[in-house]
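Peer 1: Right, I'll just put the structure down here and ask away after.
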Amino acid sequence: MEERVVRIRHPLGLHARPAADFYRKTREFRSRITVRNISRRFSVELPVSPLNLLQLGAAQGHQVLIRAEGEDEREAVTALARLLDQLAAEE
């Protein structure tokens, strides 16, 4: 299992377009990928889906835990964390 905490830097948080980009990126990996907004008190770990990503309520400054389990777990977590940073830089 591989995991990493990433701070959401995008001014609008993990809204529709970044969430869709994130979801598409997860489809490149075979590992089981889950996310959790650890900045929210009662958040739960969710499997990645477009709806679940929006339900995280990840606003700018929130910390999100990305967890992957499987044969390409390390590559998946690294690529997804990098994507969130790139999306913030584009806006």
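Peer 1: I need the full set of residues from the stretch 11-56 which are touching a strand residue (DSSP E or B) at 6+ places or on another chain (Cβ under 8 Å) and among the small types (G, A, S), in order please.
Peer 2: Within the stretch 11-56, the first condition is being touching a strand residue (DSSP E or B) at 6+ places or on another chain (Cβ under 8 Å), and the residues that meet it are 14, 26, 29, 31-39, 43-48, 52-53, 55-56.
Across the stretch 11-56, the qualifying residues are S31, S39, S43.
Peer 1: Between a residue in the stretch 24-51 that is among the hydroxyl-bearing types (S, T, Y) and at pLDDT below 95 and any residue that is surrounded by 13 or more Cβ atoms within 10 Å (Cβ to Cβ) and not in a helix (DSSP H, G or I), which pairs come within a Cβ distance under 6 Å, given they are 6 or more apart or on different chains?
Peer 2: That search, which allows pairs on different chains as well, returns S43/R36; S43/N37.
Peer 1: Test H62 against the criterion of being within 15 Å of A81 (Cβ to Cβ), out of contact with any strand residue (DSSP E or B) (no Cβ under 6 Å at 6 or more places or on another chain) and not acidic (D, E), and give yes or no. Write out each step before concluding.
Peer 2: Working: within 15 Å of A81 (Cβ to Cβ): yes; out of contact with any strand residue (DSSP E or B) (no Cβ under 6 Å at 6 or more places or on another chain): no; not acidic (D, E): yes.
Taking the combined requirement at face value, the residue does not satisfy it.
The values are calculated or read from the model by the stated rules, or taken from the named source; none is laboratory data. Because the structure is predicted, anything quoted here is derived from the model rather than measured. Counting neighbours? That spans all protein chains shown, and the Cβs are built from the backbone with ideal geometry, glycine included.
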